[in-house]
Every structure is written in C-alpha cells, then in structure tokens.
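Report on the following structure.
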Amino acid sequence: MDKPTDIAVLSPTELLVCNYHSKTVSLVDSIEGDVVATVSTPGRPRMICFLSEGISAVALEGKKVQLLKVGRGTLTLDNVLEFDKEMYGIASLNNNLVLSSIDPSCIEMMTLEGKVICTFDNEKDGRQVFHNPVYLTNYKDGHIFVSDCDGNTVTKLDNRLNVMRTYTDLNLQSTSGIISISRDQLLVCSYDNHRIVLLNTRTGNTTVLLAEQDGLSYPYALSNCHTERKLFVASGYGSNIQAYTLV
C-alpha cells in the first residue's frame, strides 16, 4: 500500500484501501495485514464508498467515478462514470452518489447514470460556506456531513443538500477524513493537530479521542468496525494503516 487516501471496512476482517500513487484499490486482511486482492483503476483513487452489497464506488482523479464489484477475495472493475469536474469526496444516499468538488467548491447529488439530482450552492447569506470540501460521510437518516480542510469546519446537510448546521471548534483544524459512528456522533481527522476528534453533532461539543502520543501523525482517513470496536487510521505521509481499539 502507498499513500492510502481512504479506507472502508468491508467486514470484521476486511478493508478496502485506496492507494493513490499506484492507482490501485486493495482488499486487505485487517487481522494479518496481508493484501488479498488488488485492482488497477483508470486514475488515482481519492475516496471510496459502499453503494449496495458487493458494489462500491471510487472517486478518481480525472473527473471519473469507478464502480467496483467486491467478491469473496476478489475485486473487479465495473462501469466508469465521467463528469465535467474533478470529484474528491464520495458518499452514497438512497443508491445515489453524493460528490464533492473543490474547483469550483460544490456538493452534488447524482444518479448512478450521472444525472444531477441537486447541487449545493456554495454561497449562503453572501458568504462562501466551503473552501476545500474533501471528505464526506452520511448517516442512515439521510444527513450528509462534509469536512472542509481549509475552512476548519464540519457542515451538516440534509438529503437535498441544504445546510443545517456548521460546526467549528479549536479541535477541528485541517479537518479531513470523517465517519459517522452513531446518530449524534462523528469521528473526524484533525490533520495538522495529529488528532482524531469525536464530534457530538447534537451539542457541537468535541472530545480528543486519539492524539500524537497515541502514535498519530497527520491522520488523513479513517474507518471503523462496529462489531469489533476497531478504528483504522491512514497517515497522510505514510503507507501504513494503524489499528486502534475503541473503548
């Protein structure tokens, strides 16, 4: 693995990992750390999400999204979707794609055929909401959360991409990887602070869960396994993925 830009827990023993420099996605045994399968993608992979059982979607450099079939120990390329802008973050909602772009900064919801359902206008009350919206996550109630690396924020959108709330806190600096772990809780990578932050989306309060003394160095992406209470974190400057037990 080299410069993993995103991680997704597939099962209690399997991870999907986006390898940016080698233009590959790998299926990794999370217990032994072995690479089980690897597939080359037509562009550098940025972020990955699950669409349905056995199907994932990967945002690629080059204005593309690659659909990926995930079998038992196998990865197979499926259709490629092409867009008119570079897409970075990706999430799924009701079998549609939610994608983020940074030039221009916007969020769009699309069908798997590439038809735009709705677009978030980056101007709210005369101000720019997003500066560098990269990572996305969603909760099953239909809310989308967007981390803004340059804005040092996390923003909550509804299922029509309307802004519901923006979270700011001293612990939320250079926000990158983000995952939803319950209805009211997110885990957020605070890249420059070398921290993983627990954000309560109801109160807006934050708690530092992991920090530099726990071995973190520029955490960039993360994913968790609910059943095993494991958290997997990728470093922004390294090729390793660290595993932590959540207490």
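Quick query: amide H of M47 versus all other amide H atoms, modeled in the peptide plane; which residues come in under 5 Å with a sequence gap of 5 or more or a different chain?
Placed amide hydrogens put A59 under 5 Å from M47.
Give me the distance in nm between label points sitting 7 Å out from Cα along the Cα-to-Cβ direction at T227 and Q173, one decimal.
Going from the T227 label point to the Q173 one covers 3.9 nm.
Cα-Cα over 28 Å: which of K63/K156; K23/K156; K3/K64; K115/K230; K63/K230?
K23/K156; K115/K230; K63/K230
Please compute the length gained on full extension between H21 and E123, using 0.36 nm multiplied by the number of residues separating them and subtracting their Cα-Cα distance.
33.3 nm
Can you give me the Rg/Rh ratio for the stretch 1-82, using Cα atoms for both radii and the Kirkwood formula for Rh?
0.93
Which residues make up the longest stretch of the chain that has no GluC sites (Glu not before Pro) in a DSSP loop with at most 12 other Cβ atoms within 10 Å?
114-247
Note down the Stokes-Einstein diffusion coefficient of the chain in µm²/s, whole number, using a Kirkwood radius over alpha carbon pairs, 10 °C, and 1.306 mPa s.
So the translational diffusion coefficient is about 89 µm²/s.
Full extension from L112 to I181: what is 0.36 nm times the residue separation minus their Cα-Cα distance, to one decimal in nm?
My answer for the length gained is 22.3 nm.
If each residue's Cβ is checked for other Cβ atoms within 10 Å, how do M109, M47 rank with the fewest at the top?
Ascending number of Cβ neighbours within 10 Å: M109, M47.
Dipole size in debye (nearest 20) for the stretch 1-82 around its Cα centre, Lys and Arg Cβ +1, Asp and Glu Cβ -1?
Rounded to the nearest 20 debye, it is 340 debye.
Hey, if you put +1 on the Cβ of every Lys and Arg and -1 on every Asp and Glu Cβ in the chain, which of S239, V80, S40 ends up farthest toward the positive end of that dipole?
V80
Please list, ordered by chain and number, the residues whose modelled amide H lies under 5 Å from the amide H of Y167; skip anything fewer than 5 residues away on the same chain.
V154, T155, K156
Which value, in debye to the nearest 20, describes the size of the charge dipole of the chain about its Cα centre when Lys and Arg Cβ atoms bear +1, Asp and Glu Cβ atoms bear -1, and nothing else is charged?
The dipole magnitude comes to about 300 debye.
For E82 paired with E212, estimate the spin-label separation in nm (one decimal), with each label point 7 Å from Cα along the Cα-to-Cβ line.
Rounded to a tenth, the inter-label distance reads 4.6 nm.
Under a Cβ-only charge scheme (Lys and Arg +1, Asp and Glu -1), can you give me the dipole magnitude of the stretch 101-247 about the Cα centre, in debye to the nearest 20?
440 debye
Mind checking which of S105, N94, N193 is farthest towards the positive end of the chain's charge dipole, using Cβ charges of +1 (Lys, Arg) and -1 (Asp, Glu) about the Cα centre?
N94
In which sequence would T153, T227, T74, T168 go, from the one with the fewest C-beta neighbours within 10 Å to the one with the most?
Fewest-to-most Cβ neighbours within 10 Å comes out as T227, T74, T168, T153.
Kindly provide the trypsin sites (Lys or Arg not before Pro) of the stretch 147-222 that DSSP labels as loop, not H, G, I, E or B, and whose Cβ sees at most 14 other Cβ atoms within 10 Å.
Listed in order of number, the matching sites are R160, R183, R202.
Readers should treat all values here as calculations from the given coordinates under stated rules, not as data from a laboratory. Quantities reported herein were computed from a predicted structural model and do not represent experimental measurements. No Cβ is skipped: glycine too gets one built from the backbone with ideal geometry, and neighbour counts run over all protein chains shown.
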